[in-house]
1. Mind running the shape call on the stretch 92-132? Use the C-alpha gyration tensor, a ≥ b ≥ c as the square roots of the eigenvalues: rounded below 1.5 for a/c, prolate if a/b tops b/c, oblate otherwise.
2. Suppose every K and R has +1 on its Cβ and every D and E has -1 on its Cβ; what is the size of the dipole of the chain about the Cα centre, in Debye to the nearest 20?
3. Rounded to the nearest 500, what is the 222 nm mean residue ellipticity of the chain from helices alone, with -39500 (n - 2.57) per DSSP H run of 4+ residues and division by all residues?
4. Order by neighbour count: Ser72, Ser60, fewest other Cβ atoms within 10 Å first, most last.
5. Just to be sure I understand: with springs between alpha-carbon atoms less than 10 Å apart, which residue in Ala117, Ala70, Ala14 has the highest mean-square fluctuation in the Gaussian network model of the chain?
6. In which sequence would Phe114, Phe98 go, from the one with the fewest C-beta neighbours within 10 Å to the one with the most?
7. For the pair Arg110 and Gln18, how long in nm is the line joining their label points, each one 7 Å along Cα→Cβ?
8. Would you kindly work out the equivalent ellipsoid of the stretch 61-101 from its C-alpha gyration tensor and give its semi-axes, the square roots of five times the eigenvalues, largest first in whole Å?
Amino acid sequence: MLVHDTVDTGRSQAEIDQIRRSLQARYDELSAEYEQAVVQSQVLRLVEIGDTAGDDQADSGTKTAERDTAQSLLRTILDRRAQYEHALTRLEEGTYGFCEGCTAPIPVERLEIFPSATTCVTCKQNRERRAA
Ligand SMILES: [Zn+2]
């Protein structure tokens with residue numbers, strides 16, 4: 001087993017435990033949301049299969065839109081959950097709270113609003129600009 005050098009994050013074990021609990025709680029919430037969204041999208045699909053006869057075009061358009069919304073909701077939840085999972089991993093590694101881009105500490109206020117943030121605002125904006 002590898003023993004990592006402990007990175008000095010200036011956090012006490014109690015603080016780390018608290019952060020872990022809140023990240024884990026959010027992760028669990030998102031898992032539950034995901035389960036629910038999956039069920040809903042399955043219901044939607046069943047309704048669609050059972051109810052395609054005699055649809056006019058407007059109707060099937062609405063259903064397509066509903067399905068797209070359900071699909072993008074599922075993706076959004078999964079993305080967010082992955083962010084929390086990533087944040088938890090970084091917490092274990094001792095790099096949580098430090099920007100993945102420039103390694104500067106992420107302001108506490110930002111972490112309070114976005115506990116899953118792994119970059120500072122500047123690096124986030126740079127990434128988004130590159131992605132665009
Ligand atoms: Zn940064």
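1. On the way: a/c = 2.12, a/b = 1.55, b/c = 1.37.
Judged from the Cα gyration tensor, the stretch 92-132 comes out prolate (a/c at least 1.5, a/b above b/c).
2. 480
3. Result for the chain, helices only: -24500 deg cm²/dmol.
4. Exposure proxy ranking, most exposed first: Ser72, Ser60.
5. Greatest mean-square fluctuation among the candidates belongs to Ala14.
6. Arranged by neighbour count, lowest to highest, Phe114, Phe98 become Phe114, Phe98.
7. Distance between label points: 2.1 nm.
8. Details: eigenvalues 231, 14, 4 Å².
Values for the stretch 61-101, descending: 34, 9, 4 Å.
Bear in mind that the values in this text are calculations on the coordinates, not laboratory data. All of these numbers come straight from a predicted model, not from anything done at the bench. So basically every Cβ, Gly included, is an ideal-geometry build from the backbone, and we count neighbours across all protein chains shown.
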